[in-house]
Amino acid sequence: MASAPTVSSVDRAAVDVPALYAAHWHALVRLAVLLVDDVPTAEDVVQDAFISLYRHQDRLRATEAALAYVRQAVVNGSRSRLRHRAVVRRTLHVVADSPDGAQLEAFDAVGVDIEMIGALRTLPRRMQEVLVLRYWSDLSEAQIAQTLGISTGAVKSTAHRGVERLRSTLGGAR
């Protein structure tokens, strides 16, 4: 009974991870950016993939498989990050829509007007985003447009309508 051929430990240890990293890092980050839509997350995913390769390089059947291993790890890592984002967004949405005493205390502790937060929550989601980015995060109209993927004109009109609705809701006192 013949056993399957094995790759010697010398062949398995021959993966030059630093050289592979130098040669393919940029292309793999570009791939990850297309999957996760932001550079910092993409860089983290690629870094994690190379760490995994380094830790598990002895499991590769051939050194030529190293790039395919890393590429697959990048795709899987990107999918994982997207799933995590979806869970976080669902959780944050639930938390944001149900203020409890602790959450209201947290707003008060950082100097946010609780009445303003209540009025803000009555607005449509996009209007909330524009107003928060403009007046709490102090972003320019161009930065908000880029962040939300809308035109600068849409930011201006949405902010104007949002401020008017807040004035109406709060009785014009602000």
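The values are calculated or read from the model by the stated rules, or taken from the named source; none is laboratory data. Values in this document were obtained by computation on a predicted structure and should not be read as measured data. A quick note on method: Cβ atoms are made from the backbone with ideal geometry, for glycine too, and the neighbour counts reach across all protein chains shown. Areas reflect the complete protein model, heavy atoms only, side chains present, ligands, DNA and RNA absent. Shrake-Rupley method; radii C 1.70, N 1.55, O 1.52, S 1.80 Å.
Listing for the model above:
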{"item": "Residue selected from region 83-101 under the condition of a type outside the set (Val, Ile, Thr) and open to solvent by 70 Å² or more (accessible area, probe 1.4 Å), by the criterion modelled with the lowest pLDDT", "result": "97"}
{"item": "Among the candidates 118, 153, residue that is surrounded by 10 or more Cβ atoms within 10 Å (Cβ to Cβ), modelled with pLDDT of 85 or more and assigned to a helix (DSSP H, G or I)", "result": "153"}
{"item": "Single unsatisfied condition, residue 47 versus (1) at pLDDT below 85; (2) surrounded by 14 or more Cβ atoms within 10 Å (Cβ to Cβ)", "result": "(1)"}
{"item": "Subset tally (residues that are within 20 Å of residue 118 (Cα to Cα), hydrophobic (A, V, I, L, M, F, W, C) and surrounded by 15 or more Cβ atoms within 10 Å (Cβ to Cβ)) for region 133-150", "result": "1"}
{"item": "Residues (in contact with a helix residue (DSSP H, G or I) (Cβ under 8 Å, 6 or more places away or on another chain) and under 14 Å from residue 20 (Cα atoms)) located in region 49-61", "result": "49, 50, 52, 53, 54, 57"}
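Yes/no matrix, rows are residues, columns are (1) closer than 22 Å to residue 26 by Cβ; (2) among the aliphatic types (A, V, I, L, M); (3) touching a Phe, Trp or Tyr at 6+ places or on another chain (Cβ under 6 Å):
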| site | (1), (2), (3) |
| --- | --- |
| 48 | yes, no, no |
| 63 | yes, no, no |
| 66 | yes, yes, no |
| 71 | yes, no, no |
| 86 | no, yes, no |
| 89 | no, no, no |
